[in-house]
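Some notes on the structure that comes next.
The values are calculated or read from the model by the stated rules, or taken from the named source; none is laboratory data. Predicted model only: the values in this text are computed from it and were never measured. Counting neighbours? That spans all protein chains shown, and the Cβs are built from the backbone with ideal geometry, glycine included.
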Amino acid sequence: MPFKVKISDGNEILVDEGNTILEAALDQGIDFPHGCRSGNCGACKSKKISGDIEMSPYSEFALDEDEEKQNLILACRSVPWSDCEIKILTDEEDEENNNLEIKNLECKVVNLKKVTNDIYVINLSVGNKEVFKFKAGQYAELYIGKCKEKHFSMANSPNADELEFHIKTLDGGEVSSYVKNNLKIGEAIKIKGPYGNAHLREKHKGPIIAVAGGTGLAPILSIIKYSQEIGSKQPINIYYGSQSENELYSIEQFEEMSKINENLKFYPVVIEKPKNKILRRGFVTDAIIEDIKDFDGYKAYLAGPPKMVEVAEEILITKGIRKVDIHSDAFYTPYDEIKEQK
């Protein structure tokens, strides 16, 4: 005997005895959010409003004990034994404080450090961290000197007392020249933000893959730092690609975090032959394909040069990650912007 399951979006489906809510919904043409279909990713997480539902085994990463006590279910593992009502939880509904206020504030440079031949790390004081709230992985507009505003991602955790930005200098770049030749400790920099949708989805309990190139490492660093602070337990694989060994930076931070958290794996990959034999050689996307055979339940965070992000997205989608589970920011240089306009 089939059971009626009412869905909060106004749809109603019939679920045959022993069938899951997700299977029935998809068979009946309902656009139900889902990913792995095997209880590993949490993409089909929903709230039980009423009825008798039994769940088959699932990953603790996808749904924890506290969530189950709040009547949250995984539709892919949920078999109804009576007429029921459920509410689908989207990423946006499942995220607390989703819409943060855009703010303008003036900060002071408290640290300026050259970490590679062309990358500088800048730390800014904000006085009170509650003044500027953002989500790990987001970015802000920076007004440096009298230069035109530019977008840079925060590299620090949202819990940190200072804001950290990674700036790549380019020959002929307005901001590049100023940072390289004029920026001083104590100087005021105006910022506006936060912006960006490629932020950490805290409610996702499945595995994570993060891919970075160049200063795209900044938002990934923010995501990883914060995920460690909130006690995330799922496997996280980080792939950081560059042209040469000399262009790599912040390696020590990731290596230290990897020592503390056995679920965190960090893989720097360089195209040119490295002196350090521990480093992997090749394209970062090739390393991903070589390492991960099953992308079941993954969310992906990508940041870096546009071409790298585009290729990585295409590969991950062909390997089974849904496009809605890929969150990316391409880092355009002035030269990239000129090409896009042509």
Test: residue in segment 236-253 that is of a type in the set (A, V, I, L, M, F, W, C) and assigned to a helix (DSSP H, G or I) = yes
note = Among residues of segment 268-294 being assigned to a helix (DSSP H, G or I) and over 18 Å from the mean Cα position of the chain (by Cα), the residue farthest from Ser59 (Cα to Cα) is Asp286
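Could you list all residues from segment 1-25 that are under 30 Å from the mean Cα position of the chain (by Cα) and surrounded by 17 or more Cβ atoms within 10 Å (Cβ to Cβ)?
Residues satisfying the conditions are Ile7, Thr20, Ile21, Leu22, Glu23, Ala25.
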query = Within segment 182-189, can one find any residue that is more than 25 Å from Ser125 (Cβ to Cβ) and of a type outside the set (A, V, I, L, M, F, W, C)?
reply = no
query = Looking at segment 264-323, which of the residues that are among the small types (Gly, Ala, Ser) and touching a Leu at 6+ places or on another chain (Cβ under 7 Å) is farthest from Glu252 (Cα to Cα)?
reply = Ala312
note = Exception for Gly297 within (1) free of Cβ contacts under 8 Å to residues at least 40 places away in the same chain; (2) assigned to a loop (DSSP other than H, G, I, E, B) falls at (1)
message = So Asp31 passes all but one of these: (1) surrounded by fewer than 21 Cβ atoms within 10 Å (Cβ to Cβ); (2) under 27 Å from Gly320 (Cα atoms); (3) in contact (Cβ under 8 Å) with a residue 60 or more places away in the chain. Which condition number does it fail?
response = (3)
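Please determine whether any residue of segment 169-185 is within 26 Å of Glu101 (Cα to Cα) and either modelled with pLDDT of 95 or more or more than 14 Å from the chain's Cα centre (by Cα) (or both).
No - not one qualifying residue is present in segment 169-185.
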request  = Hey, can you tell me all the residues within segment 208-230 that are part of a strand (DSSP E or B) and either among the β-branched types (Val, Ile, Thr) or more than 13 Å from Ala300 (Cα to Cα) (or both)?
outcome  = Ile208, Ile209, Val211, Gly213
remark   = Of Glu202, Glu255, the only residue that is acidic (Asp, Glu), under 17 Å from Gln138 (Cα atoms) and either under 20 Å from the mean Cα position of the chain (by Cα) or assigned by TED's automatic domain parsing to the domain that holds Leu63 (or both) is Glu202
inquiry  = Please determine whether any residue of segment 162-169 is surrounded by 15 or more Cβ atoms within 10 Å (Cβ to Cβ), assigned to a helix (DSSP H, G or I) and among the basic types (Lys, Arg).
reply    = no
